[in-house]
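Structure first, commentary second.
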């Protein structure tokens, strides 16, 4: 089961500030631990953060270091849940305007 990390430490451990709506995370390879920084929205909801879908996905499946997490360990990433698994979110493509050419 996920363990709660003190609020005063989690942003430092993940290496990112708390986002309003997105969950952030960091897989620390040297410790073989994954830290989840819950969004402000989730944090303010009053739900036990261990019952958040992101925590539950981590508890259920862990992470696949040879799959979606390959090359993404040891850096702060936006998190997503795909097929029940906790994964780094794909980078958002920049929006470009169509040309009239």
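The values are calculated or read from the model by the stated rules, or taken from the named source; none is laboratory data. Since the structure is predicted, the reported quantities are computational estimates derived from the model, not experimental observations. Methodologically, a virtual Cβ is constructed for each residue, glycine included, from the backbone with ideal geometry; neighbour enumeration extends over all protein chains shown.
Observations on the model:
- Sole residue being modelled with pLDDT of 95 or more, farther than 17 Å from residue 2 by Cβ, assigned to a strand (DSSP E or B) and touching a strand residue (DSSP E or B) at 6+ places or on another chain (Cβ under 7 Å), chosen from 87, 78: 78
- Qualifying residue in segment 36-55 (condition: more than 25 Å from residue 91 (Cβ to Cβ), surrounded by 11 or more Cβ atoms within 10 Å (Cβ to Cβ) and either out of contact with any helix residue (DSSP H, G or I) (no Cβ under 9 Å at 6 or more places or on another chain) or free of Cβ contacts under 8 Å to residues at least 24 places away in the same chain (or both)): yes
- Some residue of segment 5-14 being touching a strand residue (DSSP E or B) at 6+ places or on another chain (Cβ under 8 Å), surrounded by 12 or more Cβ atoms within 10 Å (Cβ to Cβ) and modelled with pLDDT under 95: yes
Residue-wise test of (1) more than 10 Å from the chain's Cα centre (by Cα); (2) under 17 Å from residue 5 (Cα atoms).
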{"position": "35", "(1), (2)": "no, yes"}
{"position": "52", "(1), (2)": "yes, yes"}
{"position": "55", "(1), (2)": "no, yes"}
{"position": "68", "(1), (2)": "yes, no"}
{"position": "74", "(1), (2)": "yes, no"}
